[in-house]
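Worksheet for the structure shown next.
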Amino acid sequence: MEKARKKPLRRILAVVFALAIAITSAVSASAYVEGHEEWQRDGTNIILKDVVDMYWWSYQGYNMAEKGPFSISEATLVKDGVETPVYFVAIAGFENIGNGNDKNATYLSAFNLNNGYTERVKKVMLENIPQNSNVFLLGDSLGGYVAQQIAADSDIQYNYNLVQTTTIGAPELATGKKEGPVARIMDKNDLVPNFMSIDIYTRPLHKYDNAVVGDAGYGYPTPYAHAGYTNKQIWGNYDVCGQKGGNAILVVDSTTTKFYRVPYDANYSFISQESEIKSGAEDDPDNVAYTYGE
């Protein structure tokens, strides 16, 4: 009887989470386009210096499956004068296209359950990043859920050294299981990191674990706060590892950046392929899109 009660509750919460993420993503997508500042460049290297730069890097994944929602690049993390070579994995959020950052992943990842998006990122990493490499994870919104699931995955932990996970606008997930430093960038009035994961309700004492909280001055919980991470006055003061006044930067070799698509995966889907706007069925055989700039 108890299980029967829990199941409808989970479904209701899943619908609420999905709708909230969809609404906030729709609002933020229009807001983010304005005022995009170019990154600092040094030849083919792109230098990411703060949270705003990091957001715009992840934003490339919002491309309606033209390139794919996540990318892997070779980069150098420069922190406190120490240079560390890393594989930089950037994961974009909900785009409502049924390709990678889709409805299935939105429902499932909020409950910290296996989903096609997380499994695809994991598979691509294991196939393309050499064992024992250093890895830096970046995730925006739903991509932040996925990044935390990746950081908590035992296969990833066995094969790689996770030097940093930075998420933008994502709630605490996989509490106590993630490897390496984690910084969850969140506005105090952003609905998604404050309300949209099962961990927030089952482990309320951990709601602000790993949180780096800023205030863009909205004054109350609102979807518009999910669109505030391009505010240089606030987030320009936080480095790529989420440290206020920190000096960590990422120097990304853009010639190595490769984007990947996420086809529909029936093994992790309870929403039919026909119900998705675009399933990814027409992807190229290897489901890899373009290198940077093509």
So, in nm, how far is label Leu126 from label Asn114 when the simple model puts each one 7 Å beyond its Cα toward the Cβ? 1.0
List every residue whose amide H lies under 5 Å from the amide H of Val240, counting only residues 5 or more places away in sequence or on a different chain, with H placed 1.01 Å from N in the peptide plane. Ala248
In Å², nearest 10: area of Tyr208 left accessible to a 1.4 Å probe: 130
Compute the length gained on full extension between Ser133 and Gln233: take 0.36 nm times their separation in residues and subtract their Cα-Cα distance, giving the result in nm to one decimal. 32.5 nm
Given the C-alpha centroids of the stretch 50-119 and the stretch 172-237, what is the distance between them in whole angstrom? 17
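Hey, can you find the accessible area per residue of the stretch 34-191 for me, probe 1.4 Å, expressed in square angstrom? Mind showing how you got there, number by number?
Details: 5140 Å² over 158 residues.
The answer is 33 Å² per residue.
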Figure the gain on full extension for Asp42 and Asn267 (residue separation times 0.36 nm, minus the Cα-Cα span) and round it to one decimal in nm. 76.7 nm
Mean separation of Cα contacts under 8 Å (6+ apart) over length of the stretch 177-227, as relative contact order %: 51
What ³J(HN,Hα) values, in whole Hz, does the Karplus curve 6.51 cos²θ - 1.76 cosθ + 1.60 give for the stretch 183-197 when θ = phi - 60°, with x put for Gly and Pro? 10, 9, 6, 8, 7, 4, 10, 6, 4, 5, x, 8, 9, 10, 8
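The values are calculated or read from the model by the stated rules, or taken from the named source; none is laboratory data. Quantities reported herein were computed from a predicted structural model and do not represent experimental measurements. All Cβ positions, glycine included, derive from the backbone under ideal geometry; neighbour counts span all protein chains shown. For the accessible areas, the whole protein counts, side chains as well, though only heavy atoms, and no ligand, DNA or RNA atoms are used. Shrake-Rupley method; radii C 1.70, N 1.55, O 1.52, S 1.80 Å.
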